[in-house]
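The values are calculated or read from the model by the stated rules, or taken from the named source; none is laboratory data. It should be emphasised that the depicted structure is a prediction, and the values quoted were computed from it without experimental measurement. Glycine gets a Cβ as well: all are built from the backbone with ideal geometry, and neighbour counts include every protein chain shown.
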Amino acid sequence: MDTLQFSFTILDWYVIHKRDLPWREAGLDPYKVVVAEIMLQQTQVPRVIEKYKEFLSKFTTIYDLANASREDVIQAWSGLGYNRRAIMLQQFAQEVVQLYDGKIPQVPEALIKLSGIGPYAAGSIASFAFNRPEPAIDVNVRRIYMRFFYGRDEGLPMSREEEKKLYILVKSSILEGKSCDLHNALMDFGSLVCLRDAPKCTECVLRKNCGFFPLYAIEKEKVLFVAEKKVEKGMSENGRHIPNRIFRGRIVEFVRKHAGEEVGLLELGGLVKKDYIASEEGWLIELCLKLEKERMITFVRKGGGKVVVGFRK
């Protein structure tokens, strides 16, 4: 099966099995597609569905987001995690307003120069918002193509040359005028059928031509390769390792509810970390100062072990 037949098969499957998601509405404003794409980075679809319309009701246009206060944006992002994405999304909006009169660029080469936009986001915006034939290679797309065309799992390391070949392969499979549909189909197929840990090969419409299926059908445990997750920098909390990003999120959540209030470092620490002790003060201050450096909060030390935390204006 060549790349075009592969795409026709995936698209036929998509017609029957596609998920009804609010950011897939026909003729949607590209700004709304961008909001969804940033929200979907490292956040599960059900959670994004819950917050997507709420966020857009507060910032209906890219101008609304660009002109909003930072506090309002971070408040509206509550519950999505990775709060820095909210800041980067607003900076993206401000740059689009300043540089492009509010019109989001359509090509990855221009998009990638804007705040918060990496190679994947540039490709996904070009494809989903403008239906341009640009690959948007996330873990789902990578897994499907590597399994089908190369008979190996997506967790295996790839060289720069292999990554380039994969990009060319995906690009060659994009049918004219079908980039948005194909990428949506791939996202759904990777989420519903070609799963990372337990692929549903017997239900797969591609299995007869898939390079991975014969191996998986014989020796599942030896074929599946799940890359080990790197241990994120963090601290022990009640005997469990918790990444610093979780504690950062708790600090921002405290600021959402108590912006501008004076609080003792010991009290703040106890709210951020369940088994916090005074000797961890340096770690807590470091987290707060880093959030301040990222222009997410303000952090002012007072006398007597007191601090005031708030949002940047």
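Scanning the stretch 1-57 for residues that are surrounded by 15 or more Cβ atoms within 10 Å (Cβ to Cβ) and acidic (Asp, Glu) yields Asp29, Glu37. Looking only at residues that are assigned to a loop (DSSP other than H, G, I, E, B), among the small types (Gly, Ala, Ser) and surrounded by 15 or more Cβ atoms within 10 Å (Cβ to Cβ) in the stretch 127-166, which one is modelled with the lowest pLDDT? It comes out as Gly155. Any chance the stretch 78-87 includes a residue that's among the β-branched types (Val, Ile, Thr) and under 21 Å from Glu253 (Cβ atoms)? Within the stretch 78-87, one or more residues are among the β-branched types (Val, Ile, Thr) and under 21 Å from Glu253 (Cβ atoms).
Can you pull out the residues in the stretch 242-268 that are farther than 27 Å from Ala76 by Cβ and part of a helix (DSSP H, G or I)? Across the stretch 242-268, the qualifying residues are Leu265, Leu266.
You will find that of Leu169, Leu186, the residue that is among the hydrophobic types (A, V, I, L, M, F, W, C), assigned to a helix (DSSP H, G or I) and surrounded by 19 or more Cβ atoms within 10 Å (Cβ to Cβ) is Leu186 and no other. Taking first residues from the stretch 105-129 that are among the aromatic types (Phe, Trp, Tyr) and partners that are not in a loop (DSSP other than H, G, I, E, B), the Cβ contacts under 7 Å between residues at least 6 apart in sequence or on separate chains come to Phe128/Val33; Phe128/Glu37; Phe128/Cys180; Phe128/His183. For Lys178, which of the numbered conditions (1) within 18 Å of Phe8 (Cα to Cα); (2) without any contact (Cβ under 8 Å) to a residue 12 or more places away in the chain fails to hold? Tallying (1) within 18 Å of Phe8 (Cα to Cα); (2) without any contact (Cβ under 8 Å) to a residue 12 or more places away in the chain, Lys178 fails exactly one: (2).
To keep it simple, each residue is scored yes or no on (1) assigned by TED's automatic domain parsing to the domain that holds Arg70; (2) out of contact with any helix residue (DSSP H, G or I) (no Cβ under 7 Å at 6 or more places or on another chain); (3) polar (S, T, N, Q); (4) surrounded by fewer than 16 Cβ atoms within 10 Å (Cβ to Cβ).
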{"site": "Asn244", "(1), (2), (3), (4)": "no, no, yes, yes"}
{"site": "His258", "(1), (2), (3), (4)": "no, yes, no, yes"}
{"site": "Leu287", "(1), (2), (3), (4)": "no, no, no, no"}
{"site": "Leu291", "(1), (2), (3), (4)": "no, no, no, no"}
{"site": "Val300", "(1), (2), (3), (4)": "no, yes, no, yes"}
{"site": "Gly305", "(1), (2), (3), (4)": "no, no, no, yes"}
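Residues that are of a type in the set (A, V, I, L, M) and loosely packed, with under 15 Cβ neighbours inside 10 Å were ranked within the stretch 272-285; the one that is nearest to the chain's Cα centre (by Cα) is Ile277.
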